[in-house]
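Below: one structure, written as structure tokens.
The values are calculated or read from the model by the stated rules, or taken from the named source; none is laboratory data. Everything numeric in this text was worked out from a predicted model, so none of it was measured. We place every Cβ from the backbone using ideal geometry, glycine too, and count neighbours over all the protein chains shown.
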């Protein structure tokens, strides 16, 4: 059990944490709390629940995720990805149904962790993740049009197309004051970082817009006019339920658990790359589960690891879970002391904040990049995207996973006749004359979403011990978007450490994919060779300009 659940904080406390780092973590936690405050309120409002529920979620769930999690720097709380799910559950089952679904999702997450399912994230292709992330971003954007334009619409339909039809019929009712506030909020959120680095633009925009609306008594809706008072306290409450009705919440609970696990582990992976660390995925899932079981009893909503807040934490200097705990305590103090002022925030300002969040979530560069790739990735991307927007996120993920499996089998069947049954006679060469600063790693088989994590971890480990790393790719029949993205990431890391990457034996199809995704320019065209012998000769020449010190390591992967 100790190997399944082993919180990072406890490990770090046993080793001892430097006092200077503790100070840095405390400062990072305070700044991240300022970042989290407007987002927590905005996510709650967009999800169809009262604003204090978002703050409560950041406080309680954020605390448990940092205290018990498997990541050094993960910041937990409500996220934009849950807006669509939470809104749908509240609309269908009410707040009580949301609380029950979230608690059940927490139990499912703990089971995921105990069954060691944390590593299954690698079986989700990048095209699927980008598809539903971009779809969620578009849905979030569409939900904010009413407040962004100040439209006087009592009830907005949940269906995407019906929603936009209604917007277009009310365009003559646009409140220009609300629209101006929305635009100014967006501009401040985007451009303030050029002048102020430590304070987030969304926080600055909310302060200025709220003060402006109150000073000039501007005719726009506020949190108070939409939701009433924001309490500066929270209570413990047990939801009412009947055991016979629990079955109806299984679907929503599984959706919350799946999305929560995907987003939290993605956030942990991203932060690992930023701090050169390794998270404990099963511990992280268990911590997410505990957070989602406890938080609803105090009025919170589903929570997970938040990529943007986690990245902010790292950039400011947070390196231990102390920063996440301080972030929760700071938010608690803000809610107790200043919560009553949050009711004055204009809804159009929150809409502007969420529009920026949606744009950042859209992953439009990755979306465009995948559209230039293989037809298989394009099918998965567009199917998941369209289903997320027009049908349902749960259906989108299910269809995306099935499509990924079927298209992979089709792809493997198409190339099965092209792969030689016997290995080339020169597979095991005499490496005795290769300089010790050159390492060699061979990839045999497709570089795709299920295998790329293992390959890139070894490439990184071997590469960091080398001056030149030759990656042999003669038996790589194809790469998918996940493979390309992960390979790009590890090559960037090795280049930052001064390691030269040399590729050999890349087939024409893979080379075209590299060219489409700018991998050739990243590696440098002169470092790509059509034969292993040329790659060796070229690598020896490179060493003339590199000091020799490291031990040679050769990995042949069959």
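What helices (runs of 4 or more DSSP H) lie completely within region 319-409 and have 1 or more residues being without any contact (Cβ under 8 Å) to a residue 24 or more places away in the chain and more than 30 Å from residue 511 (Cα to Cα)? Quick ask: steps written out before the conclusion?
Working: elements: 322-338, 347-361, 364-371, 375-390.
In region 319-409, 322-338 are the helices (runs of 4 or more DSSP H) which contain 1 or more residues that are without any contact (Cβ under 8 Å) to a residue 24 or more places away in the chain and more than 30 Å from residue 511 (Cα to Cα).
Report every pair of residues separated by at least 6 positions or lying on different chains whose Cβ atoms are under 6 Å apart, first residue within region 4-28 and in the same structural domain as residue 65 (by TED's automatic domain parsing), second in a loop (DSSP other than H, G, I, E, B) and surrounded by fewer than 18 Cβ atoms within 10 Å (Cβ to Cβ).
24/317; 28/317
Select from region 144-176 the residues that are over 34 Å from the mean Cα position of the chain (by Cα) and outside any loop (DSSP other than H, G, I, E, B) and write down the one among them that is farthest from residue 349 (Cα to Cα).
Filtering region 144-176 down to residues over 34 Å from the mean Cα position of the chain (by Cα) leaves 152, 169-176.
Narrowing the set further to residues that are outside any loop (DSSP other than H, G, I, E, B) leaves 169, 171-173, 176.
Working: 169: 23, 171: 19, 172: 21, 173: 18, 176: 13 Å.
Here the answer is 169.
Residues of region 83-98 being farther than 25 Å from residue 357 by Cα and touching a helix residue (DSSP H, G or I) at 6+ places or on another chain (Cβ under 9 Å), which ones? So that I can check it myself, show each step before the final result.
First, pick out the residues of region 83-98 that are farther than 25 Å from residue 357 by Cα: 92-94, 96-97.
If the condition is that a residue be farther than 25 Å from residue 357 by Cα and touching a helix residue (DSSP H, G or I) at 6+ places or on another chain (Cβ under 9 Å), then 92, 93, 97 are the ones that fit.
Looking at residue 252 and the list (1) assigned to a loop (DSSP other than H, G, I, E, B); (2) at pLDDT 90 or above; (3) closer than 29 Å to residue 289 by Cβ, which single condition is not satisfied?
(1)
Out of (1) in the same structural domain as residue 134 (by TED's automatic domain parsing); (2) crowded, with 23+ Cβ neighbours inside 10 Å; (3) modelled with pLDDT under 85, the odd one out for residue 316 is which?
For residue 316, the exception is condition (2).
How about region 73-99: which of its residues are surrounded by fewer than 22 Cβ atoms within 10 Å (Cβ to Cβ) and within 14 Å of residue 295 (Cα to Cα)? Let's see the steps before the verdict.
Restricting attention to region 73-99, the residues satisfying the condition of being surrounded by fewer than 22 Cβ atoms within 10 Å (Cβ to Cβ) are 87-88, 90-97.
The answer is 95, 96.
Residue 394: outside the structural domain of residue 263 (by TED's automatic domain parsing), under 27 Å from the mean Cα position of the chain (by Cα), crowded, with 18+ Cβ neighbours inside 10 Å and at pLDDT below 80, yes or no?
Details: outside the structural domain of residue 263 (by TED's automatic domain parsing): yes; under 27 Å from the mean Cα position of the chain (by Cα): yes; crowded, with 18+ Cβ neighbours inside 10 Å: yes; at pLDDT below 80: yes.
Criteria met by residue 394.
Please go through region 498-518 and give me each residue that is part of a helix (DSSP H, G or I) and surrounded by fewer than 21 Cβ atoms within 10 Å (Cβ to Cβ), ordered by number.
508, 509, 511, 512, 515, 516 - these are the residues of region 498-518 that are part of a helix (DSSP H, G or I) and surrounded by fewer than 21 Cβ atoms within 10 Å (Cβ to Cβ).
Suppose the filter is at pLDDT below 85 and not in a loop (DSSP other than H, G, I, E, B); does residue 414 pass it?
Working: at pLDDT below 85: yes; not in a loop (DSSP other than H, G, I, E, B): yes.
It is true that residue 414 is at pLDDT below 85 and not in a loop (DSSP other than H, G, I, E, B).
So residue 278 passes all but one of these: (1) more than 25 Å from residue 399 (Cβ to Cβ); (2) in contact (Cβ under 8 Å) with a residue 24 or more places away in the chain. Which condition number does it fail?
(2)
Just the residues that are under 11 Å from residue 77 (Cα atoms) and either more than 16 Å from the chain's Cα centre (by Cα) or not in a loop (DSSP other than H, G, I, E, B) (or both), please, taken from region 271-307.
So in region 271-307, the residues under 11 Å from residue 77 (Cα atoms) come out as 288, 291-292, 295, 300-307.
Of everything in region 271-307, those that are under 11 Å from residue 77 (Cα atoms) and either more than 16 Å from the chain's Cα centre (by Cα) or not in a loop (DSSP other than H, G, I, E, B) (or both) turn out to be 288, 291, 292, 295, 300, 301, 304, 305, 307.
In the set 267, 240, 276, 271, which member is modelled with pLDDT under 90 and in contact with a strand residue (DSSP E or B) (Cβ under 6 Å, 6 or more places away or on another chain)? Give the derivation first.
On the way: 240 fails: in contact with a strand residue (DSSP E or B) (Cβ under 6 Å, 6 or more places away or on another chain); 276 fails: in contact with a strand residue (DSSP E or B) (Cβ under 6 Å, 6 or more places away or on another chain); 271 fails: in contact with a strand residue (DSSP E or B) (Cβ under 6 Å, 6 or more places away or on another chain).
Selected residue: 267, the only one of 267, 240, 276, 271 that is modelled with pLDDT under 90 and in contact with a strand residue (DSSP E or B) (Cβ under 6 Å, 6 or more places away or on another chain).
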